[in-house]
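Read through the structure below, which is laid out as structure tokens, and then see the notes.
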Amino acid sequence: MTFQELGLAPSLLEAIDVSGYTEPTPIQAGAIPHILSGRDVIGSAQTGTGKTAAFALPALHILDGHRKGAAPRCLVLGPTRELAAQVEGQFKKYGQSSAPKCCLIHGGVGYGKQRDELAAGADVVIATPGRLLDHVQQKTMSLDSIELLILDEVDRMLDMGFIDDVKRIIRSCRNKKRQTLLFSATVSEDIKRLIKGSLRDPVEVAISIKISPAETVKHEVYPVGAMQKFDLLIALIDQMEVDSMIIFCRMKVGADRITRWLQERGLSCGAMHSNLPQKARTKALEQFKDGKIKILVATDIASRGLDIANVTHVINYDVPEHPEDYVHRIGRTGRAQREGDAATIVAPDEQSKLDAIERFIEQQIPQRKLESFNYFHEPIIRAAEDAKPKRRRRNSASSKFGRRR
């Protein structure tokens, strides 16, 4: 199938051609025809499969340009400021010819510019839940006119505790002819309960792609006592030639602490998590992309969706709570067929989380000891024959960690 066969407007086909896309991805080919026909859609596909274009392209086709002075007709709701900004960028890129007015609404910045843009008339509002509800409460925006409601990365919004806010927003979109689109990497029972009664006879487009680590990523585990996790982190960094590294922490306070400790040791790094002001988050992300800082210490806010290229190393300072987050985290490296390295530092009380990850990805992750490191206690390195049987095994050749490139 080609984009021309999907029935999109010529201006959109031109934008697609300029973007260099040759054919639609499975989620795009599956969802776009249903959206154009006016159906409610539940789309599920792995991160990085083109979900944003799957709803942005047909939305722009339906909106058909800018209506001067009109109230917002399309609302896109997303979990984080960074993802909302990226969605806005996609709408602007694809809609260059039709030129719909887009308004980006999120916290961490002042209300003034957002109020002015809403008052001037916006066709598309891309928002995070909390700030959007602030505008609704302040009566600077009404949701009564929304014709197209798009819920993006719904699984993440639920994980981040936005379920009540999302319910309130759905209830506030009172247009009975509203078309609703829901896109998510996974559609859990919680999501099904959330949308029950909110969508009208939805079509489900599920692209079954197994979430598994990229073949270009060499990932390993380093067992260590809890008191030596930071020391081992420093030792690992010292053994590498770091071009671009993301260190993932479970907690925001942990990300701040690790950033401070690294900076005290003269390392070029910045922090990124949801408690930071938007200007600080944007600055850290831009500096990391530009190579001005080599290390970004982040929570899972940076594990999915963000457009960060050329990350050479990922270190999980904390083992993630959810096994799928492990795949998303280490997937920040090894992109576009480039090789990447990922290491996970595991304390004894995190072993059960590691076991869950290995069951999820159906493979044993090689465990290593850093020979140059002075361990308080000899780490317990699991032998291959002691591991639970897996369906497939990754080549456990010597790591790029532990030696200079």
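Every number here is computed from the coordinates shown, using simple stated rules; none is lab data. Predicted model only: the values in this text are computed from it and were never measured. Cβ coordinates were reconstructed from backbone atoms using ideal geometry, including for glycine residues, and neighbour counts include every protein chain displayed.
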For the Ala309, Met1 Cβ pair and Förster radius 30 Å, calculated FRET efficiency rounded to 0.05 is 0.60
Just how many % of Cα pairs in the chain lie over 28 Å apart, if you round to the nearest whole percent? 50
extent check for region 193-267: Cα max minus min per principal axis, descending, whole Å, gives 57, 31, 26
Quick calc: nm separation of the 7 Å Cα→Cβ label points for Ile381 and Arg171 -> 5.8
Anchor Lys196: lysines whose Cα lies under 23 Å away (excluding residues fewer than 8 positions away in-chain): Lys51, Lys167, Lys176, Lys177
Compute the distance in nm between two label points, each set 7 Å from the Cα along the Cα-to-Cβ direction, one at Trp261 and one at Ile62. 4.9
Enumerate the lysines that Lys294 could reach by cross-link, defined here as Cα to Cα under 16 Å, with residues fewer than 8 away along the same chain left out. Lys283
Nearest 10 degrees, 0 to 90: what angle lies between the long axis of helix 252-264 and the longest principal axis of the chain (Cα atoms)? 60
Between region 250-307 and region 92-158, the Cα center-to-center distance that results, in Å: 26
Need the full-extension length gain, Asp290 to Glu371, defined as separation in residues times 0.36 nm minus the C-alpha distance. One decimal, nm. 25.8 nm
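Multiply the residue separation of Ala206 and Asp116 by 0.36 nm, subtract the distance between their alpha-carbon atoms, and state the gained length in nm to one decimal.
28.5 nm is the gain from fully extending Ala206 to Asp116.
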What fraction of the Cα pairs in region 4-206, stated in percent, has a spacing above 26 angstrom? 26
Ordered by fewest other Cβ atoms within 10 Å, a rough proxy for footprinting exposure, Ser11, Ser37, Ser352 read Ser352, Ser37, Ser11
Test of understanding: extend the Cα→C-beta vector of Thr186 to 7 Å, then name every residue of region 137-177 with backbone N under 11 Å from that spot. 155-156, 159
Could you sort the peptides 112-122, 278-288, 370-380 by per-residue average Cβ neighbour count (10 Å cutoff), highest mean leading? 278-288, 112-122, 370-380
Can you work out the base-10 log of I(q)/I(0) for region 154-301 at q = 0.14, 0.18 1/Å, using the Debye formula on its C-alpha atoms alone? -0.90, -1.12
Give me the number: length gained by fully extending Ala280 to Ser97, i.e. 0.36 nm times residue separation minus the C-alpha to C-alpha distance, one decimal in nm. 62.6 nm
Quickly rank 137-144, 227-234, 74-81 as a protection proxy: mean count of other C-beta atoms within 10 Å, highest first. 74-81, 227-234, 137-144
Expressed to two decimals, region 217-386 has a Cα Rg over Rh, using the Kirkwood radius, of 0.94
